[in-house]
Amino acid sequence: MRRELALVAMMLVAPSVRADNVQEAKALFLAGAAAYEQHNYVGAIRAFEGAQKLAPRPANLFSLAQAHRRQFYRDGNSAHEKAAIDYLREYVKEVPEGGRHDDAMRALQELGALQPQQDVASVSINSSGTPNARVALDGAAPVEAPLIGPVSPGKHHAVISADGFVSEARDVTAINGQIVALDVPLKERPARVVIDSPPGAAVAVDGRPVGETPLAPLELPAGAHIVSISKNGHEAFVRDLDLARGDEQKLTAPLHVTRQRTIATGMLVASAVVVLGAGTCTAFAAYWLGQANGVLGAQRRGPITLDDVARYDDARAMRNDFLIAAGISFATAGALAATGLVLFVFDKPDTTGEARGHEGPKPETKPTPVDFSFAPLVSPNVLGATALVRF
């Protein structure tokens, strides 16, 4: 970028100026230049005034004029306009040619301090609040904002851009005898986060739900965010992201099935198997009931033998045994199904834990052993079972 400050060496000391004053003036001048680069024109004015007081130099006059001029363009305070004109005129008087004489004359024209004023058209193009903004005018190479200077009268095309921001294009019409100001704030380019996860997973950003997978890429403002992806029966996925403007990241969340969901599924399958066994026992009980009823039918038709009585008693005993076995099996199946269903329904992921993403590999941990116990309950008035799962 072309500097508009007169950065000149101040090592040549006039006989009337003390060497220590020159060193202090040089330090103040450099501080003013740094403040000017940061668009802190009020601070730059104070520093340049101190440097001029300690060691008067034309370079200080030109720099003071530039700082006052920029501050005038910023706030419109006529006191800064007058000071800029006074310092420019004093600089032109001390530097009648060479140096920054031509720049000073152009600045006086912009400020309307030279005649004829109607021959000068100027623009001021800026993007206040946008760091490191650049301005390209009429297809020329971009320069650091603000762009302030004379242009030909008529329409001009300006493109304002900055890294991490959405570029904006504007047309500005320059008018003779005027400086036309244009301030274009730029919108931050959002960061994009692509979620790769099984369908039906709930996605939340900073604790706020944003939808379920599959999702279109998330557009998030730059900064720190916590993204959580969860699905019932699966381990939650939580990541701490630090996103830059225009950044794009992909999060792959496999969502592994939890141990609880595996146990619940196993218990439901086991319940179905036990129901089949209970049905088999019921079928055998019906068979032996038919055998007993056959002996009773023979008794109604005529006398039966002791062997028939023994067969009847054996058939009833087998029927009772199979009925008890069927009852225990059904009770067991019910307990397994109820426990499995509870474990299945209440297997909700926990997304309240500490966010992860930059801590490196997680240390290996030994799996928690699973303890499962089952006990039938059989008494003259009770038939059932209890199941206990500990994990």
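Using a 10 Å cut-off around each Cβ, can you sort Ser78, Ser167 from fewest to most neighbouring Cβ atoms?
Going from least to most buried by this count: Ser78, Ser167.
Between His256 and Asn40, the modelled labels are 5.3 nm apart [label points 7 Å from Cα along Cα→Cβ].
With N the number of residues in the range 118-187, Rg(Cα) / (2.2 N^0.38 Å) evaluates to 1.06.
Over all Cα atoms in the range 60-180, the spread is summed up by Rg and Dmax: 15.1, 45 Å.
Taking the number of Cβ atoms within 10 Å of each Cβ as an exposure proxy, the fewest-first ranking of Asp163, Asp247 is Asp163, Asp247.
Under the simplified labelling scheme, the Asn232-Met105 pair shows an inter-label distance of 8.3 nm, with each label point 7 Å from Cα along Cα→Cβ. Cross-link check: pairs Lys26/Lys82; Lys82/Lys155; Lys26/Lys53 evaluated at a Cα-Cα cut-off of 22 Å; pairs beyond the cut-off: Lys26/Lys82; Lys82/Lys155.
Calculate how large, on average over all directions, the projected area of the Cα convex hull of the range 191-252 is; give the answer in nm² to one decimal.
Details: hull surface 14.8 nm².
One quarter of the hull surface, i.e. the mean projection, equals 3.7 nm².
Each of His156, His68 was scored by other Cβ atoms within 10 Å of its Cβ. Arranged with the fewest first, they read His156, His68.
Residue-wise HN-Hα couplings along the range 205-211, as the Karplus relation 6.51 cos²θ - 1.76 cosθ + 1.60 with θ = phi - 60° gives them from phi, are 10, 6, x, 9, x, 10, x Hz; Gly and Pro carry x. The magnitude of the dipole of the range 168-257, with charges of +1 and -1 set on the Cβ of Lys/Arg and Asp/Glu and taken from the Cα centre, is near 100 debye.
All of the numbers you see were taken from the coordinates with simple rules; none came from a lab. Since this is a predicted model, take the numbers as computed values, not measurements. A quick note on method: Cβ atoms are made from the backbone with ideal geometry, for glycine too, and the neighbour counts reach across all protein chains shown.
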